[in-house]
Ligand SMILES: NC(=O)c1ccc[n+]([C@@H]2O[C@H](COP(=O)([O-])OP(=O)(O)OC[C@H]3O[C@@H](n4cnc5c(N)ncnc54)[C@H](OP(=O)(O)O)[C@@H]3O)[C@@H](O)[C@H]2O)c1
């Protein structure tokens, strides 16, 4: 592939842009406020980057990453994304995205909801279970002994193969967790969600508890120091995906 479209130029979108550029892939980035607001970001990313509208990024990409708050998913350009492989990084946080009863009840996964809107796109859930700062820290070339794996899920096997190829170029092995209906296996607070990529998992769990308390009490949360990361091999990830239980909104520490 030559060009990656990226809708959402925040923490994950810009991190993936940097990874892609390092792998020799051009990127076209979009946000909600317009390409003119991405001038500084594009300048930092260099000659392989340009900014566009969400429609422009969708049409420019051989593959397209969608990395926006879930609450905005219905604003995604469904027509421009029709027929394309779309990597969906979304997570559902009701306090940020508004309550979605079908998600709260576990009747549907987050990516199935996005797929309903992007009915003609080939959605692959990816990059939602790793913190943005761990992506460059843990990325390794193919075959490296300490390469980490990321889960993917999707309903189209060829789309998953394309996504896996891209993710490999960005530095990670992949483990196929099944169709989108199974992607709850790596949604927030399941066993494969962010913690296994941490060098100090207890510190992250403590930070989650403190964040949950800050949200409850309306105080400003203390941000934890950046964790240096720990490799997660594919075999261990497979075990975590197979053994985890579903985490409904009501069961989560941070919802
Ligand atoms: N941060 C992480 O470590 C992490 C890890 C895994 C998954 N995720 C998930 O990935 C998604 C993105 O997270 P993030 O942390 O990167 O978010 P973020 O830093 O808040 O950035 C969100 C980006 O989405 C853009 N955006 C919002 N609404 C849009 C719309 N309607 N059309 C086009 N662009 C739109 C924003 O543009 P404007 O600024 O112009 O509004 C911004 O560039 C979320 O679902 C999050 O839960 C995050």
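The values are calculated or read from the model by the stated rules, or taken from the named source; none is laboratory data. Quantities reported herein were computed from a predicted structural model and do not represent experimental measurements. For neighbour counting, all protein chains shown are included, and Cβ atoms are generated from backbone atoms with ideal geometry for every residue, glycine included.
Numerical summary
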read-out: Count of region 165-178 residues which are out of contact with any helix residue (DSSP H, G or I) (no Cβ under 9 Å at 6 or more places or on another chain) and surrounded by fewer than 19 Cβ atoms within 10 Å (Cβ to Cβ); value: 2
read-out: Subset of region 74-88 [within 8 Å of the ligand (Cβ to nearest atom) and crowded, with 21+ Cβ neighbours inside 10 Å]; value: 76
read-out: Single condition residue 207 does not satisfy, out of (1) touching a helix residue (DSSP H, G or I) at 6+ places or on another chain (Cβ under 6 Å); (2) surrounded by fewer than 22 Cβ atoms within 10 Å (Cβ to Cβ); value: (1)
read-out: Residue within region 100-123 that is modelled with pLDDT of 95 or more, near the ligand (Cβ under 10 Å from one of its atoms) and more than 22 Å from residue 176 (Cβ to Cβ) present; value: no
read-out: Any hit, region 161-177, residues being more than 16 Å from the ligand (Cβ to nearest atom), more than 16 Å from the chain's Cα centre (by Cα), assigned to a loop (DSSP other than H, G, I, E, B) and closer than 17 Å to residue 86 by Cα; value: no
read-out: Qualifying position, being in contact (Cβ under 8 Å) with a residue 24 or more places away in the chain, surrounded by fewer than 14 Cβ atoms within 10 Å (Cβ to Cβ) and either more than 9 Å from the ligand (Cβ to nearest atom) or within 20 Å of residue 138 (Cβ to Cβ) (or both), among 17, 47, 2; value: 2
read-out: Qualifying residue in region 23-31 (condition: touching a residue at least 40 places away in the same chain (Cβ under 8 Å) and within 18 Å of the chain's Cα centre (by Cα)); value: no
read-out: Residue in region 236-249 that is surrounded by the most Cβ atoms within 10 Å (Cβ to Cβ), counting only those that are assigned to a helix (DSSP H, G or I) and under 19 Å from the mean Cα position of the chain (by Cα); value: 237
read-out: Residue count for region 207-235, restricted to those that are assigned to a helix (DSSP H, G or I) and more than 20 Å from the chain's Cα centre (by Cα); value: 11
read-out: Residues of region 28-44 classified as away from the ligand (no atom under 11 Å from the Cβ) and under 11 Å from residue 5 (Cβ atoms), total; value: 1
read-out: Matching residues, region 52-69, being surrounded by fewer than 22 Cβ atoms within 10 Å (Cβ to Cβ) and closer than 17 Å to residue 125 by Cα; value: 62, 69
read-out: Filtered residue count, region 196-206, keeping only those that are within 13 Å of the ligand (Cβ to nearest atom) and either closer than 15 Å to residue 252 by Cβ or in a loop (DSSP other than H, G, I, E, B) (or both); value: 2
read-out: Elements of type helices (runs of 4 or more DSSP H) in region 1-116, at least 2 residues being out of contact with any strand residue (DSSP E or B) (no Cβ under 8 Å at 6 or more places or on another chain) and under 18 Å from residue 163 (Cβ atoms); value: 11-22
